[in-house]
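Report on the following structure.
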Amino acid sequence: MGEKVCLITGATSGIGKATAMGLTNMGASVVMVGRDRGRGEAAMADIKESSGNASVDLMLADVFKEAYPRLDVLINNAGVFLSKRISTADGIEITFAVNDLA
């Protein structure tokens, strides 16, 4: 994972933070996406210290809330279903890669 760049949403806590930690432990460069600067910076510092990997960045995803007071519906539209098993270059089954990992 040393040459991989990974972007993780919701990376300031829970599964997102654990995923960021796991990827940094494997040597990946991680871009954490979160809404709260304080929580994001704290999580980023924790991950850098624990993993020994300084290649971690934080991007704030608060642009939407500056333009709109609320979000009522979120549609995650991307998806695929293939009748044949096809794998990505990383060896991941493509239906799983697009629908669950992407």
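The values are calculated or read from the model by the stated rules, or taken from the named source; none is laboratory data. Keep in mind it's a predicted model, so treat the numbers as computed, not measured. Cβ placement follows ideal geometry from the backbone for every residue including glycine, while neighbour counts extend to all protein chains displayed.
For residues that are in contact with a helix residue (DSSP H, G or I) (Cβ under 6 Å, 6 or more places away or on another chain) and in a strand (DSSP E or B), scanning just the stretch 11-38, find the one that is nearest to residue 66 (Cα to Cα). That would be 34.
Working only within the stretch 62-90, note down all residues that are at pLDDT 75 or above, among the small types (Gly, Ala, Ser) and within 24 Å of residue 32 (Cα to Cα). Spell out the reasoning first.
Applying the first criterion (at pLDDT 75 or above) to the stretch 62-90 yields 66-70, 72, 80-90.
Still in the list and also among the small types (Gly, Ala, Ser): 67, 83, 87, 89.
67, 89 - these are the residues of the stretch 62-90 that are at pLDDT 75 or above, among the small types (Gly, Ala, Ser) and within 24 Å of residue 32 (Cα to Cα).
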